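Written out below as structure tokens is the structure these notes cover.
Bear in mind that the values in this text are calculations on the coordinates, not laboratory data. Keep in mind the model is a prediction, meaning the values are calculated, not measured. Cβ atoms come from the backbone with ideal geometry, glycine included; neighbour counts cover every protein chain shown.
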Amino acid sequence: MTGPLVQNRLDDVPDALLVGRATNGDTAAFEALARRYGPLMRACARRLTGSYADADDVVQEVLVQAWKQLDTLREPGAVKSWLLRLTGSRSIDAMRRRRHESSFGDIDEVSGAGDIASRAATPEASAVQRSSIESLKAALARLPEEQRRCWVLKEFNGQSYEQIAETLNISPASVRGRLARARVALVREMEEWR
């Protein structure tokens, strides 16, 4: 275990150097990377999975995978985006595993929309807000899975087309097409809420 002095020194070390040291077996350097990017990875996984427990599992799996595969990272300075790509992929895997038991019931938690409805000024406004959230959930559930995945990664996770393409192992052009079709379908489905 490393002491606080070593941790404080490593917290200021550039990513590329930490990756180099961790690749050579320095666990303190890898711990510094995990401290630096763990909260961001957890937030990313939480947005995608809709569950704190699943997000924690995903981050743990990603960190184990990253430790084992750190030497495959071509650009050590890009460790942040690499960890987030792994997190996105693992989150999607977690969603696939529980797809049969969930029907986007937690989408208001993922989007924070449940809080919006609870803060509405009047009971009528709250009912309208809740109804629009339920309509969005239903519309998302009706999208084909590949379109829904792209839409969630773009809108909830804020990933670029290129990042989504890497996460889903498809081309950026495919991402654009899937997002365009998803947006058209959602606009059509949500027309009454415009």
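Numbers at a glance
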{"read-out": "Pairwise centroid distance, computed over Cα atoms, of the range 24-72 with the range 124-174, Å", "value": "24"}
{"read-out": "Furthest towards positive pole of dipole, Thr87, Leu73, Ala16, structure part the range 1-90, Cβ charges", "value": "Thr87"}
{"read-out": "Peptides ranked, highest mean first, by Cβ atoms within 10 Å: ranges 43-54, 179-190, 164-175", "value": "43-54, 164-175, 179-190"}
{"read-out": "Cα-based reach from Lys80 at 25 Å (exclusive), listing lysines while leaving out same-chain residues under 8 positions away", "value": "Lys68, Lys154"}
{"read-out": "Per-residue HN-Hα couplings for the range 163-178 [Karplus 6.51, -1.76, 1.60; θ = phi - 60°; Hz; x = Gly/Pro]", "value": "5, 5, 4, 5, 4, 8, 6, 9, 7, x, 5, 5, 4, 4, x, 5"}
